[in-house]
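Bear in mind these aren't lab numbers, they're just calculated from the coordinates by the rules spelled out. Predicted model, so just to flag it, every value in this text is computed and none were measured. Cβ placement follows ideal geometry from the backbone for every residue including glycine, while neighbour counts extend to all protein chains displayed.
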Amino acid sequence: MSEKYGYIVDSHCHLNYKGIMEQQADVVARARAAGVGCMLAINTKLKEYPEIIEVIEKYDDVFGTVGIHPHEAESEPDVAVQALVDGAKHAKIVGLGETGLDYYYDNAPRDMQQVNFRAHIAAARETGLPIIVHTRDADDDCVRIMQEEMAKGHFTGVIHCFTASQALADATMEMGFYISISGIATFKNAKELQATVKTIPLERLLIETDAPFLAPVPHRGKTCEPAFVADTGRFVAELRGETFEELGEATTQNFFRLFPQ
């Protein structure tokens, strides 16, 4: 593992969101102090893409993505593959998304979410960059669309903030995807998720915060920040019977294998 990037990576955070951006420099400093050597700042609206560029150009250890969250599929309905491809030309943009399907909140019509999802996959094929997939209560359609699109040409990526079924984990890993675990895994009522976490091969595992959301134990109720990925990492390592150092090294290597710099 490169010493440049510490011993653990936050593979998904929102450094331009309220609760983080007001204290961004301090948040990044606390992450570094906690051993977090790299953070991936996720884009959820194209109109906020300039904010992502600003943060990744400010901090050497922060990389970014370009994309439209499924919640925004109606408010930004005219996403063009070329717009995503163009956004990905910046040297520190290393992924596409987050994209995917969210049928729990249904903040956008499902057909529009699916069009948005497929556009990101097309851009992934064109750029060679991985996609960051958000999926909630949409396992069947998520797998179906990924399989249909995979038949058109290979792409890769990660299922972020994984909370879905073992079946979805298995199906997406079969397609070559990684599984990223957030602080939800530390919650007392997350027994089913914890059981699934134990089954994920170490070489397919990532960890994240999804900051400013989903602060892990022992930070429940606080604004989540990238430093807390270390707490999730310690919990996941103990759950799986690994040392924190083993998990940190493996997940860092996995991150840079998926998101090559």
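For region 220-233, in order, what is each residue's ³J(HN,Hα) by Karplus, 6.51 cos²θ - 1.76 cosθ + 1.60 with θ = phi - 60°, in whole Hz (x at glycine and Pro)?
3, x, 9, 5, 6, 8, x, 4, 6, 4, 5, 5, 5, x
Give, rounded to the nearest 20 debye, the magnitude of the charge dipole that the chain has about its Cα centre when Lys and Arg contribute +1 at Cβ and Asp and Glu contribute -1 at Cβ. Before the final figure, lay out the partial values.
Working: 24 positive and 39 negative charges, 71 e Å.
Once rounded to the nearest 20, the dipole reads 340 debye.
For the chain, divide the Cα radius of gyration by the Kirkwood radius and give the resulting Rg/Rh value with two decimals. Walk me through the intermediate numbers first.
Numbers: Rg = 16.7 Å, Rh = 18.0 Å.
Computed over Cα atoms, the ratio is 0.93.
Considering only C-alpha atoms, what is the centroid distance from region 166-219 to region 78-137, in Å?
Each part reduced to its Cα centre gives a spacing of 21 Å.
Set the Förster radius R0 to 30 Å, insert the Cβ-Cβ distance between Asp86 and Gln253 as r into 1/(1 + (r/R0)^6), and round the FRET efficiency to 0.05.
E between Asp86 and Gln253, to the nearest 0.05, is 0.50.
As an exercise, use a Förster radius of 41 Å and the Cβ-Cβ distance of Thr243 and Gln23 to find the FRET efficiency, rounded to the nearest 0.05.
Working: r = 32 Å, r/R0 = 0.78.
Between Thr243 and Gln23 the formula returns 0.80.
Can you compute the modelled spin-label distance between Glu192 and Asp106, with each label point 7 Å from Cα toward Cβ, in nm?
2.0 nm
Would you calculate, for the chain, the mean residue ellipticity at 222 nm contributed by helices, counting each DSSP H stretch of 4 or more residues as -39,500 (n - 2.57) and dividing by all residues, to the nearest 500?
Taking each H run of at least 4 residues, the total per residue is -11500 deg cm²/dmol.
Taking neighbour Cβ counts within 10 Å as the exposure measure, how do His154, His12 sort from fewest upward?
His154, His12
Hey, in the GNM for the chain with a 10 angstrom Cα cutoff, which one of Val143, Val197, Val236 fluctuates hardest?
Result for the chain, Cα springs under 10 Å: Val143 fluctuates most.
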